[in-house]
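Just below is one structure, and these are the notes that go with it.
The values are calculated or read from the model by the stated rules, or taken from the named source; none is laboratory data. The structure displayed is predicted, hence computed values, not measured ones. Here the Cβ positions follow ideal geometry from the backbone for every residue, glycine too, while neighbour counts run over all protein chains shown. Each accessible area value is taken on the protein alone, full model and side chains, heavy atoms only, with ligands, DNA and RNA left out. Shrake-Rupley method; radii C 1.70, N 1.55, O 1.52, S 1.80 Å.
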Amino acid sequence: MPDPTLPTSDARRPILELRGIRKAFPGVLALDDVDLKVFPGAIHSLVGENGAGKSTLINVMVGLFKPDIGEIRIDDTPARFNQPADARAFGIGLVPQELNLIPHLTVMENILLGTTPLRFANTAVDWHAMRAKATKVLELIGEEIDLDVEVSTLSVAYQQLVQIARALAQDARILILDEPTASLSIPEADRLLALIEQLRDKGCAVIYVSHRLPEVFRLSDQITVMRNGRKVALLDRAEANEAVLVRHMIGRDAQQREHRQASVRSASKPILEVSGLTRVGEFEDISFSLHRGEILGIAGLIGAGRTELARCIFGDTRRSSGRVLLEGQPIEFRHPSEAIGQGIAYVPEERKRLGIFPALGVAENMTLPILSRLSRLFQIRWSRQRSVTDEFVGKFAIKISSQDQLIRNLSGGNQQKVILGRWLATGCRVLLLDEPTRGIDVNAKFEIHRILRELAASGLAILVISSEFEEVIGLADQIIVMHEGRLKGCVPASEATQEKLLTMSVA
Ligand SMILES: Nc1ncnc2c1ncn2[C@@H]1O[C@H](COP(=O)(O)OP(=O)(O)OP(=O)(O)O)[C@@H](O)[C@H]1O
Ligand SMILES: [Mg+2]
């Protein structure tokens, strides 16, 4: 008698299977004997610390990297991918960790990139068919997006959808998403997760990578945990919880999450006072003060104007009106270098684009802004550079093969840790952080929070922009909430809840 609770044999046949995959880079064994089975109509999550090998494994599945050893099977038949087009032909679609849309092409052109319908013996673009096809995929996604606008004008959330639409236009049966919610606000992420569930219900096989464990629990049928390039666990949803996952991820029990003892606002004058700050079209009439030793959180949804506010304080853009006082002195920087000169550091949100020097090594990337301090008579004190780098590599558990490894070859999360280390090493007095732990694994995140608390305790004033309400509540003393460029209020973290912040953020 067949067991009626088991799915039919067809559904239990993996649509995609990896066997014994190995991939080495100079100095790193990125994948070591990895197996994976993915089923139609099911979501399989990949989790692991930064540098565990998740993106590398995905690159193997989409034909970007050739494994050194191992087999890829589709529908139980060995498949060889010599290039990404081969994987696409098998119905494998990818939404990569770094979106690869072409900013100055329209939504329609981006959706149909690689599948553009041609006519007249393949010499002319068939605009009519293009439009029909793009419309059809967007209907599938259930979103209305203007097909004719340049993709660069869309928010990240919509760009994400365009990227998914492209995969669907290529008839993907296997959809791979590498940290798709990392740059989304909570309601946006929620919509995306619902879409992924719908696609799963339509029979799509989904491979999902995320550091946000609640999402992993919500979506997954199965979870593969990776550590140091190896598959260390395969769990069914029912056996997985945060403690179990983190234990597999780091190979030991997680450190206790520390909650912050709200620091008493010092009676002293604030170090940074912002009043009535306005930049027309971006934010309006923003006032707050930041004290020494304090962590101030700025919560809100993406597009609330928080990044624009930070950039304006930092001298990257000019204000329309309002005042900023630094230790009681009015300041108006014309350039970020002036802000840095006054001891203000800003770690931008798009570290990948704005923060790294891809062709330089880890140590150089970490110490670039402090090189003059490390230098004597025009000679960089290499040993100091090495020891500063060592300190942060150790503190943040950054996975590198050597200090000279090119930063562009690090995993996404490890690149972020390097840039964060760079700014913490500058010894500033006011630190502006924009989404400091985006894409950073759970354990490193706690470690970064701990370091920020220590820095605050030693007198630094910290402003943290974060779209994760849990993060601002756990980290900040006071939280200000912004919505559509305006200040919605200020709450002490001790009185804040996720629901309260969400309510303030949306209206
Ligand atoms: N092109 C490359 N050249 C050299 N090393 C690489 C390259 N790509 C990845 N690596 C190394 O392989 C290892 C695995 O990296 P991978 O990007 O797969 O990690 P990940 O699990 O996706 O991490 P994250 O969560 O930070 O995105 C890392 O040690 C990384 O430095
Ligand atoms: Mg990755």
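General observations
- Per residue value of the accessible surface for segment 420-484 (all protein chains in place, 1.4 Å probe), Å²: 22 Å²
- Amide H contacts of ILE479 (H built 1.01 Å from N, in plane; Pro and chain starts excluded): GLY297, VAL491, ALA493 sit under 5 Å, all sequence-distant by 5 or more or on other chains.
- Calculated log₁₀ intensity ratio I(q)/I(0) where the Debye formula runs over C-alpha points of the chain, q = 0.06, 0.07, 0.08, 0.12 Å⁻¹: -0.31, -0.42, -0.55, -1.19
- Per residue accessible area in Å² of segment 84-192, where ligands, DNA and RNA are left out and the probe is 1.4 Å: 46 Å²
- Counting only lysines at least 8 places from LYS500 when in the same chain, those with an alpha carbon closer than 20 Å to its own are LYS488.
- Converting the Cα gyration tensor eigenvalues of segment 52-172 into ellipsoid dimensions via √(5λ) gives semi-axes, longest first, of 28, 18, 12 Å.
- Full-stretch length increase - LEU360, LEU140 - with 0.36 nm per residue and alpha-carbon distance subtracted: 74.9 nm
- Restricting segment 264-336 to trypsin sites (Lys or Arg not before Pro) that sit in a DSSP loop and have at most 13 other Cβ atoms within 10 Å of their own Cβ leaves ARG318, ARG334.
- The H on the amide N of GLU150, modeled in the peptide plane, is under 5 Å from the matching H of no residue at least 5 residues off or on a different chain.
- Between segment 184-220 and segment 131-175, the Cα center-to-center distance that results, in Å: 17 Å
- Of the chymotrypsin sites (Phe, Trp or Tyr not before Pro) in segment 25-134, those whose Cβ has at most 16 other Cβ within 10 Å and which sit in DSSP loop: PHE120
- Efficiency of FRET from Cβ geometry, ARG384 and ASP148, R₀ 45 Å, rounded to 0.05: 0.25
- Using the Cβ-Cβ distance between ALA24 and SER321 with R0 set to 51 Å, the FRET efficiency from 1/(1 + (r/R0)^6) comes to roughly 0.35.
- Annotation note: trypsin sites (Lys or Arg not before Pro) in segment 76-176 located in DSSP loop regions with a Cβ neighbour count of at most 14 within 10 Å are ARG80.
- Whichever lysines have a C-alpha closer than 22 Å to that of LYS37, once near sequence neighbours (fewer than 8 apart) are set aside: LYS23, LYS54, LYS66, LYS202, LYS231
- Dipole of the chain, positive end: most advanced residue of SER289, ILE462, GLY27 [Cβ charges, Cα centre]: GLY27
- Computed packing ranks the peptides 445-456, 239-250, 469-480 as 469-480, 445-456, 239-250, most packed first, by mean other Cβ atoms within 10 Å.
- For the pair segment 443-502 / segment 77-118, the C-alpha centres are spaced 38 Å from each other.
- When both bridge partners sit in the chain, DSSP labels roughly 55% of those beta bridges antiparallel.
- Across the accessible surface of the chain, with the other protein chains kept in place and a 1.4 Å probe, carbon and sulfur atoms take up 51 percent.
- Take the Cα of ARG237, go 7 Å toward its beta carbon, and the backbone nitrogen atoms of segment 202-229 under 20 Å from that spot belong to 202-226.
- Helix-only mean residue ellipticity at 222 nm for the chain, each DSSP H run of n ≥ 4 adding -39500 (n - 2.57), per residue, nearest 500: -9500 deg cm²/dmol
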